[in-house]
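See structure below.
The values are calculated or read from the model by the stated rules, or taken from the named source; none is laboratory data. As the structure is a computational prediction, the values presented were derived from the model and not from experiment. Here the Cβ positions follow ideal geometry from the backbone for every residue, glycine too, while neighbour counts run over all protein chains shown. Heavy atoms of the whole protein, side chains included, go into the accessibility calculation; ligands, DNA and RNA do not. Shrake-Rupley method; radii C 1.70, N 1.55, O 1.52, S 1.80 Å.
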Amino acid sequence: MSNRAKTNSKKIFITGIGTDVGKTVASAIVVEALQADYFKPVQAGDLSYSDTDKVKELVSNSTSKFYPNSYALQTPMSPHAAAEIDGITINIETIKTPKTKNHIVIEGAGGLLVPLNDKETILDLIDANHKVIVVSRHYLGSINHTLMTVKLLQEKGFNPVLIFSGEEHITTEDIIVKMTGVEVIGRIDNEPFFDTMVVKEYADLFRDRLEAL
């Protein structure tokens, strides 16, 4: 894994169709599957137990490195608003993906159009060389949110893939795949709990498709 990572390292950006759809667990699974490094550019709220802390807790390999947030904001709100409360303005020029020879997983905040400041959103953090994974979870309105997310990425020149999170909903998933043509990496079920063993099981299940990105 480490030799392959050095010769063909991937930068994977994980976004969601909204908040609370399972991005962080999905990020942990991808990190574990590829023994990748992890970076969350903007953390808003929950600084005592951040998404970086959660992913670190769920990952059991000894290769992955975890990088500090570019912005660690105090309030669990949209980053632009949380930054204003902290008396700062997010400048995306200061957000640099850490340099590593390893694969790296970059986790966004909320969905693509979550504002970072008055002009820029999470979408502006995704570089042309990033492989984009969209995490979709079924709820009333999730088809619309998933299609908008995928179509926007496709219009920007990306070829995103999907991870479904939560209980299976066949009619929802079928129409999303038919209308977008995207590859599905797999599903993360509603497990009773997530720990290193559960994450490792999903990592083993998803690894081949993730390595092929």
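Among residues of region 85-113 that are open to solvent by 20 Å² or more (accessible area, probe 1.4 Å), those with a Cβ under 6 angstrom from a residue that is of a type in the set (Lys, Arg) and assigned to a helix (DSSP H, G or I), sequence gap 6+ or separate chain, pair up as Lys101/Lys6. Are there any pairs with C-beta distances below 9 angstrom linking a residue in region 195-213 that is more than 11 Å from Ile185 (Cα to Cα) to a residue that is open to solvent by 40 Å² or more (accessible area, probe 1.4 Å) and in a helix (DSSP H, G or I), with the two at least 6 apart or on different chains, and if so which? Final answer for the pair search is Asp195/Glu57; Thr196/Glu57. If you go through region 28-53 and pick out every residue that is more than 17 Å from Ile12 (Cα to Cα) and either open to solvent by 60 Å² or more (accessible area, probe 1.4 Å) or of a type in the set (Asp, Glu) (or both), you end up with 5.
No other residue among Thr15, Thr52 is within 26 Å of Glu211 (Cα to Cα), touching a Lys or Arg at 6+ places or on another chain (Cβ under 8 Å) and not in a strand (DSSP E or B) apart from Thr52. Restricting to region 150-187, give me the number of residues that are of a type outside the set (A, V, I, L, M), part of a helix (DSSP H, G or I) and under 12 Å from Val134 (Cβ atoms). Summing the residues that are of a type outside the set (A, V, I, L, M), part of a helix (DSSP H, G or I) and under 12 Å from Val134 (Cβ atoms) in region 150-187 gives 3. Taking the criterion of being assigned to a helix (DSSP H, G or I), surrounded by 13 or more Cβ atoms within 10 Å (Cβ to Cβ) and of a type outside the set (Ser, Thr, Tyr), the residues of region 188-200 that qualify are Val198, Val199, Lys200. All conditions but one from (1) in contact (Cβ under 8 Å) with a residue 60 or more places away in the chain; (2) within 18 Å of Gln35 (Cβ to Cβ); (3) touching a Phe, Trp or Tyr at 6+ places or on another chain (Cβ under 6 Å) apply to Val132; the one that does not is (2). Which of (1) out of contact with any His (no Cβ under 6 Å at 6 or more places or on another chain); (2) more than 22 Å from Glu201 (Cβ to Cβ); (3) surrounded by fewer than 20 Cβ atoms within 10 Å (Cβ to Cβ) does Thr149 not meet, given it meets every other one? The number of the failed condition is (3).
Per the conditions (1) open to solvent by 50 Å² or more (accessible area, probe 1.4 Å); (2) part of a loop (DSSP other than H, G, I, E, B); (3) in contact with a helix residue (DSSP H, G or I) (Cβ under 7 Å, 6 or more places away or on another chain), the sole criterion not satisfied by Asn61 is (1).
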